[in-house]
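The values are calculated or read from the model by the stated rules, or taken from the named source; none is laboratory data. Nothing here was measured: the structure is a model prediction, and the numbers come from that model. Here Cβ is always computed from backbone atoms with ideal geometry, including for glycine, and neighbour counts include all displayed protein chains.
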There are 2 protein chains.
Amino acid sequence: MGRWQPNARERLEHAALELFVERGYESTTAAEIAERAGLAKSTFFRHFTDKREVLFGGQDALNGLFADAIAGAPAGATPVEALGAALAAMAEIFVAERHAWAHRRQAVVMGNSDLRERELLKLAALTEAMADALRRRGVPDPAASLAAELGCLAFRNAYTRWADPANDRHFADVARQELDDLMAATATLTGR
Amino acid sequence: MGRWQPNARERLEHAALELFVERGYESTTAAEIAERAGLAKSTFFRHFTDKREVLFGGQDALNGLFADAIAGAPAGATPVEALGAALAAMAEIFVAERHAWAHRRQAVVMGNSDLRERELLKLAALTEAMADALRRRGVPDPAASLAAELGCLAFRNAYTRWADPANDRHFADVARQELDDLMAATATLTGR
DNA sequence: GCACGCGATGGGACCAAGTCTCATCACGTA
DNA sequence: TACGTGATGAGACTTGGTCCCATCGCGTGC
């Protein structure tokens, strides 16, 4: 077979998404993914601990980028301003070239309960990374985890909007607006 | 075997927690759980769709209780006041008699990644139930999901504190304080 | 008292996820 | 040319989870 051809991991990710779109996640076997990528089942599990994990590569990089952006925000920035800077920094990942891919992937993830579950785990890790970064900025603790939760919600909303096939705005624009909307809503929670 | 003895589901839940505490979640087989409960493996999966699910019974009841309490809050109550009422209503589930059980269960869940993942799914469902209940009260949408997220965070913090073996306060007290702390922290997010 | 139906169970075949071990292969280097 | 290294292939094995069918206890009507 195509043994020793380069980019085994990328080939697996590509074959997986392709098959998931064609037949659905549950009707696709790890062995089939490996086969389409020209590899063996054992090699698949050498690259990914999980069948699900093949759709969640680069998540650690995302967490790191987020945390770095929070750490790198101006010293006088409020927690929410730091979150805004971090969301804006995500735009370098969610560029127009990845838009079609993101949309297909998102449809697969949302269509399966196991994958949604895994996504929640990844988002929880992202939230924890944000909270840690905020604590290192000196934000005390109920506020740090609260702000992280808020940031995560803004990110989720922004990503959902951005990945919509009808969307043509830049991620940074969408994210800024979602965060603003959330902050405006905050004021209404104790009033009325 | 103990065929036809009553409360098969409860026996399975009890046997499962017992075995998980003894040998750990991963080292316990679904067949072993069934055996200790005097049942067959196939019967286990007739009562629980999942091996994990055996630790998450009553979750739907919790969601319903939460949603009902939000719906039943006074007409003039703010979203946060409705959340406070709902958290207080949880005290009828988290009573002193269940404290020891809750602590043992929590230790098992926190000790395994698959179980934490499932817990996140359950908490997401709880959050969604809260958001729906708030929307039915007329709370518009970024605010409803934001308040639900906030309520879920308060619930998580309160549950963690309450389930601590050293704790001897009532759930309602712990929950009220956690919610107050979160609301106080909200004010600091845009300031300083 | 008996036949019948219904719901819960046992038993086991079966598939796929995931683990593990060992042999194999390509490539660089001495 | 021999050797070491790292990635791969092949396949056995365990377990989660599904499915089908026979069996059992119990209630009901006759």
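So that you can scan it fast, the table gives a plain yes or no per residue for (1) within 14 Å of DNA strand D (Cβ to nearest atom); (2) hydroxyl-bearing (S, T, Y):
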site: A:S27; (1), (2): yes, yes
site: A:E35; (1), (2): yes, no
site: A:F48; (1), (2): yes, no
site: A:Q59; (1), (2): no, no
site: A:A86; (1), (2): no, no
site: A:A96; (1), (2): no, no
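Quick one: A:P74 ticks every box in (1) out of contact with any Gly (no Cβ under 7 Å at 6 or more places or on another chain); (2) in a helix (DSSP H, G or I) except a single one, so which number is it?
Checking A:P74 against (1) out of contact with any Gly (no Cβ under 7 Å at 6 or more places or on another chain); (2) in a helix (DSSP H, G or I), the one that fails is (2).
Name every residue in region A:137-184 that is more than 11 Å from chain B (Cβ to nearest Cβ) and assigned to a loop (DSSP other than H, G, I, E, B), in order of residue number.
Across region A:137-184, the qualifying residues are A:D164, A:P165, A:A166, A:N167, A:D168, A:R169, A:H170.
Across region B:91-136, what is the number of residues that are among the small types (G, A, S), more than 10 Å from chain A (Cβ to nearest Cβ) and farther than 20 Å from B:F66 by Cα?
3
Of the numbered conditions (1) without any contact (Cβ under 8 Å) to a residue 12 or more places away in the chain; (2) within 16 Å of DNA strand D (Cβ to nearest atom), A:R9 fails exactly one; give the number of that condition.
If we test A:R9 against (1) without any contact (Cβ under 8 Å) to a residue 12 or more places away in the chain; (2) within 16 Å of DNA strand D (Cβ to nearest atom), just (1) comes out false.
Can you confirm whether B:F66 is within 9 Å of DNA strand C (Cβ to nearest atom), under 26 Å from B:I93 (Cβ atoms), of a type in the set (F, W, Y) and part of a helix (DSSP H, G or I)?
no
Given A:R176, A:R156, which one is under 16 Å from B:L153 (Cβ atoms) and among the basic types (K, R)?
Criteria check complete, one pass: A:R156.
Any chance region A:54-61 includes a residue that's surrounded by fewer than 17 Cβ atoms within 10 Å (Cβ to Cβ), away from DNA strand C (no atom under 15 Å from the Cβ) and part of a helix (DSSP H, G or I)?
So far as region A:54-61 goes, yes, one or more of its residues are surrounded by fewer than 17 Cβ atoms within 10 Å (Cβ to Cβ), away from DNA strand C (no atom under 15 Å from the Cβ) and part of a helix (DSSP H, G or I).
Can we say B:G76 is at positive phi and more than 16 Å from the chain's Cα centre (by Cα)?
So B:G76 fails the test.
Out of B:D168, B:D164, B:D132, report the one residue that is closer than 21 Å to B:T78 by Cβ and either touching a Gly at 6+ places or on another chain (Cβ under 7 Å) or charged (D, E, K, R) (or both).
One residue alone meets the criteria, B:D132.
Residue by residue through region A:1-19, note down the ones that are more than 11 Å from DNA strand C (Cβ to nearest atom) and either at pLDDT 95 or above or surrounded by 12 or more Cβ atoms within 10 Å (Cβ to Cβ) (or both).
Answer for region A:1-19, where residues must be more than 11 Å from DNA strand C (Cβ to nearest atom) and either at pLDDT 95 or above or surrounded by 12 or more Cβ atoms within 10 Å (Cβ to Cβ) (or both): A:A8, A:R9, A:E10, A:R11, A:L12, A:E13, A:H14, A:A15, A:L17, A:E18.
Within region A:21-50, restricting attention to residues that are buried (at least 19 other Cβ atoms within 10 Å of the Cβ) and within 11 Å of DNA strand C (Cβ to nearest atom), which residue is farthest from the other protein chains (Cβ to nearest Cβ)?
For region A:21-50, the residue satisfying everything is A:A34.
With respect to B:D50, is the statement that it is under 21 Å from A:S113 (Cα atoms), outside any helix (DSSP H, G or I) and over 13 Å from the mean Cα position of the chain (by Cα) true?
yes
Tell me, which residue of region B:75-130 that is touching a residue at least 40 places away in the same chain (Cβ under 8 Å) and acidic (D, E) is surrounded by the fewest Cβ atoms within 10 Å (Cβ to Cβ)?
Residue satisfying both the conditions and the ranking: B:D114.
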